[in-house]
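The values are calculated or read from the model by the stated rules, or taken from the named source; none is laboratory data. Computed from a predicted structure; not experimentally measured. Heads up, the Cβs are rebuilt from the backbone with ideal geometry, glycines too, and the neighbour counts pull from every protein chain shown.
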Amino acid sequence: MICPICFWEDEGEDVDDLDQESSPNHGITLREARLNFKEFGAGELKMKKHVFPESKRKQFDYNPRSL
């Protein structure tokens, strides 16, 4: 599943390890993607064109998974 908010492809393997490189996400880690999202609104800058605009994101709750 690819998140329309941040464009992270959830492969179900990185939940327990935020620092595991993710192949479907071009080798970045979930920790990096979260920092990127805070900085510019997407897991990766080149994927920003695919995410919902900030105005549309406000209709969703943001609740990161806790480990």
* Asked: Taking the range 3-23 only, how many residues are aromatic (Phe, Trp, Tyr) and on the phi < 0 side of the Ramachandran plot?
  -> 1
* Do we have Ala33 as outside any loop (DSSP other than H, G, I, E, B) and surrounded by 12 or more Cβ atoms within 10 Å (Cβ to Cβ) here? -> yes
* To do: Being of a type in the set (D, E, K, R) and within 25 Å of Glu54 (Cβ to Cβ) is the filter; apply it to the range 15-32 and report the residue that is modelled with the highest pLDDT.
  => Glu32
